[in-house]
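Here the structure is laid out as structure tokens; the discussion comes afterwards.
The values are calculated or read from the model by the stated rules, or taken from the named source; none is laboratory data. All of these numbers come straight from a predicted model, not from anything done at the bench. In this analysis, Cβ positions are derived from the backbone assuming ideal geometry, glycine residues included, and neighbour counts consider all displayed protein chains.
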Amino acid sequence: MTLNVGVIGVGMIGQEHINRLTNKLVGAKVVALSDVNARQAEETAAKLQGAKVYSTGEALIAAPEVQVVVVTSSGPTHEAYVLAAIKAGKLVFCEKPLATTAEACMRIVEAEIASGRHLVQVGFQRRYDKGYRALKKAIDDGVIGAPLMVHCAHRNPSVPEGYVSDMAIVDTFIHEIDALRWLINDDYVSAQVLVPRNTKHTHAKLDDPIIILLATKGGVRIDGEVFVNCRYGYDILCQVVGEEGVASLPEPESVLLRRDAKLSTTIMQDWKLRFIDSYDVELQDWIEAARAGKVNGPNAWDGYFAAVTADACLEAKRTGTVAPIVTPPRPAFYA
Ligand code: NAD
Ligand code: ISE
């Protein structure tokens, strides 16, 4: 059975996901598109066989030929589309963030529980990355003993002018927020944010770099650097220090060169390339689960927990204090 997919949002990652659904993955077909930029939706549809353009995301979700929905529109629009998909009883893959506030994520959690079905997956693709999976296996197998500390960094070469301070947390560090609690099987209890002096490459509305300190229920301490004007490349680092040893995220494969009296490898410049395989694995897994009427990946509760943590980081940065991370107990529905 081929799944008929409707995609809402045909911007940067929307195009990437449409391309992989159409040309790389198996078991799905993009049959419907919608975007507030109608021209862009029409131009994208023209390149696909038989995809229909809907003037609103809600109309796309309601369309009988659309079996499952992919939401790749901008963050503030996610809540309404995910809620509409739940109401229509359709499985929905929503790019991160699930929604832009913890309250909005909770409304999604409540609606999903009320529907009685698992319908929502959030686009935290790091859980599908080969390197992160190998690192998690080493931790889960007890190779380094119980984790004590995690050191990590998320560096981008540069960001556009519109990228402002909060985005370092809600758009960028949100990936670490989700990946690290999954990696060490723990939840966070507090956050603190340190702001070193700015790089000369930043602008007035962006503190860059920043350091985020998280503490977990189990007593693990995490330090995460976000540096989005690092200049030299797109670099994701993660090292877990345990009682018996240290495990690090493997570097992406690259030829090791000996030349001109130098030993060198290439550092990628772009998140799209760095995680290209994980996006493929993530969406293929989603399609296969969806064909069985299920969701296997990061769920609405994970999206909610990430949003609560991001809010605490923002509060900690604003007040210069250690902010508590408080959530209600995880509902049995998400056990
Ligand atoms: P983008 O700005 O390139 O694209 C967003 C698209 O949404 C645009 O085409 C815009 O016209 C459309 N849009 C805006 N409001 C809409 C509405 N109400 N209804 C329908 N369409 C609407 O942004 P992007 O970089 O593609 O990001 C989209 C989402 O994907 C964001 O939530 C972002 O955080 C996420 N993202 C995730 C990753 C990842 O690594 N998982 C990477 C990049 C982006
Ligand atoms: C972007 O929104 C993403 O999601 C990328 O994966 C991330 O690495 C980048 O820093 C974000 O801005």
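Is it true that some residue in the stretch 220-240 is surrounded by fewer than 20 Cβ atoms within 10 Å (Cβ to Cβ), of a type outside the set (Ser, Thr, Tyr) and more than 24 Å from the chain's Cα centre (by Cα)? Looking for residues that are surrounded by fewer than 20 Cβ atoms within 10 Å (Cβ to Cβ), of a type outside the set (Ser, Thr, Tyr) and more than 24 Å from the chain's Cα centre (by Cα), one finds none in the stretch 220-240, hence no.
All conditions but one from (1) more than 15 Å from ligand 1 (Cβ to nearest atom); (2) over 24 Å from LYS294 (Cα atoms); (3) assigned to a helix (DSSP H, G or I); (4) over 21 Å from the mean Cα position of the chain (by Cα) apply to GLU42; the one that does not is (1). Screening LEU148 with (1) surrounded by fewer than 18 Cβ atoms within 10 Å (Cβ to Cβ); (2) assigned by TED's automatic domain parsing to the domain that holds LEU283; (3) touching a Lys or Arg at 6+ places or on another chain (Cβ under 8 Å) gives one miss only, at (2). None of VAL31, VAL36, VAL66 is away from ligand 2 (no atom under 16 Å from the Cβ), β-branched (Val, Ile, Thr), in a loop (DSSP other than H, G, I, E, B) and over 24 Å from ASN299 (Cβ atoms) except VAL36.
For the stretch 233-247, which residues satisfy the criterion of being outside any strand (DSSP E or B), within 15 Å of ligand 2 (Cβ to nearest atom) and at negative phi? TYR234 - this is the single residue of the stretch 233-247 that is outside any strand (DSSP E or B), within 15 Å of ligand 2 (Cβ to nearest atom) and at negative phi. Can we say ASP140 is surrounded by 17 or more Cβ atoms within 10 Å (Cβ to Cβ) and acidic (Asp, Glu)? No: the conditions fail for ASP140. The set of residues in the stretch 237-267 that are free of Cβ contacts under 8 Å to residues at least 60 places away in the same chain, touching a strand residue (DSSP E or B) at 6+ places or on another chain (Cβ under 8 Å) and closer than 19 Å to PRO157 by Cβ comprises SER264, THR265, ILE267. What are the residues in the stretch 176-202 that are buried (at least 19 other Cβ atoms within 10 Å of the Cβ) and assigned to a helix (DSSP H, G or I), if any? The answer is GLU176, ILE177, ASP178, ALA179, LEU180, ARG181, LEU183, ILE184.
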